[in-house]
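No lab work stands behind these numbers, since they all come straight from the coordinates. Every value quoted in this text rests on a predicted model; they were computed, and no experiment measured them. All Cβ positions, even for glycine, are placed from backbone atoms using ideal geometry, and neighbour counts span all protein chains on display.
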Amino acid sequence: MQKLTAVEALASIPNRSRVFVQGSAASPTYLLNQMAAMADHWEQLELVSISLLGDVAPARPEFMHKFIFNSLFVSTPVRQTVNEGPSDYIPIFLSEIHKLFERGFLKPDVAIIQVSPPDQHGYCSLGVSVDIARSAVRAARIVIAQCNAKMPRTHGDGLIHTSEIHYLVEAEQELPVVDYGSKITGLERTIGKHCASLIEDRSTIQAGIGTIPDAVLEALSGHKDLGVHTEMFSDGVMKLIEKGVVTNKFKKKYKGRTVTSFAIGTRKLYDFIDDNPQFAFLEAGYVNDERTIRANPRVVAINSAIEIDITGQVCSDSIGKMQYSGVGGQMDFIRGASFSEEGKPIIAIPSVTNKGISRIVPVLKEGAGVVTTRAHVHYVVTEYGVVNLFGKNLQQRAEALCSIAHPDHRESIDRAIHERFGSKYFSLGE
């Protein structure tokens, strides 16, 4: 390992290389901004990552043809270049991304990561984002690390010895902060309570970040002995641990510990997980493996969507043809929960968008991607209630979903049901 300046380290990247960039709250924005400042050093670079957070300078319009993002999950910084520029998106389950690196389908030449300072034994930590970063480090020929004293040292798969790092750049900066808990409204609390009513004591929870997952976690404060096995989490999990609600006593995998792949939240959360053996930050290939998930009892997977059609097809990664996010781990956990003993997969959505457009629709928008098929969907929750589509035929599904749509849209959805099913139309329960 050599300690270098950012310019010296980045200058080692060969022209037209494929560069993996660690994502989420561990996005190495200091190095990325330096990379943008050195743009003339390369003709072109391919950048591969899951969701990037913060100021990602190479994604700015002026660098659109210099840095080509081959995104595995589209987040706000890269959305414009993916949808309007030469960059693109790879649809893939989070549980399978490591195979792209390890089997040579998308082998990185360089990995740019962010780590905690080395301990007395020379081990750094990938911190709050282990997910696919560990497999990328193993596969890359050159590893460049931003060493940040603000990065928590996490337990699990994220430990990386300095001998695995070629160039270390010391640069302290605050991690991105996200606080959805402060944005929860009455609508989300209603959805959260509906979801909480489906969750039994001793269940194992998967809930990501956002106002709805945080509202669900908030509604669980009266539960007992919950476990957490999730691809990601935010402050809501920390609060349940502090209250003694999450104990992880009845899990089969990593009993007594909260399992995750990455975390995004407030500085309080980052301090809470720092060197905390209650947490196991593990590779997404393991955390999101359906076989791992289903081994735990009563897995409740809570995921959201952009829209769902009346047969149960779930679009959660695009708005029509516009790529908005990615497949991520939704299907991994929907399937894992459905196979878990007494498990419950849940899709939780507000009934309408902020503009009043129904999220329950007769047909998905043209070009919309189906992330979760109608055969995989069980529970669907809106602020108007809960329905279970498992075992229902297409017409029954349509009626059930209409019953939890926004009242302003039920008449038009009902007409669409009549038009689609014609003489086959009958009331749910007949």
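A few notes on this one:
- Calculated FRET value between Lys107 and Lys3, using beta carbons and R₀ = 25 Å, to 0.05: 0.40
- Using the rule -39500 (n - 2.57) for each DSSP H run of four or more residues, divided by the residues of the chain, the 222 nm mean residue ellipticity is -7000 deg cm²/dmol.
- Relative contact order computed over the chain (Cα-Cα under 8 Å; 6+ residues apart), in percent: 13
- Net charge of neighbours whose Cβ lies under 11 Å from the Cβ of Phe93, counting Lys and Arg as +1 and Asp and Glu as -1: -3
- The stretch between Ala11 and Glu200, if pulled fully straight at 0.36 nm per residue, gains 62.6 nm over its current Cα-Cα span.
- Cβ-derived FRET efficiency at R0 41 Å, Lys243 paired with His161, nearest 0.05: 0.65
- If you wrap the tightest convex hull around every Cα atom of region 2-170 and split its volume per residue, you get 101 Å³.
- Cα→Cβ-extended label distance, 7 Å offset, between Lys321 and Lys252, nm: 4.6
- Residue-span extension gain [Asn354 to Ile90] - 0.36 nm each, minus C-alpha spacing: 92.2 nm
- Kirkwood Rh and Cα Rg combined as Rg over Rh, evaluated for region 1-41: 0.95
- Packing, taken as the mean count of other beta carbons within 10 Å per residue, orders the peptides 407-416, 325-334 from highest to lowest as 325-334, 407-416.
- Net charge of neighbours whose Cβ lies under 15 Å from the Cβ of Thr185, counting Lys and Arg as +1 and Asp and Glu as -1: -2
- The ellipsoid that matches the Cα gyration tensor of the chain has semi-axes, each √(5λ) in whole angstrom, of 39, 26, 17, with the longest given first.
- Between Ser403 and Ser182, residue separation times 0.36 nm minus the direct Cα-Cα distance comes to 76.6 nm.
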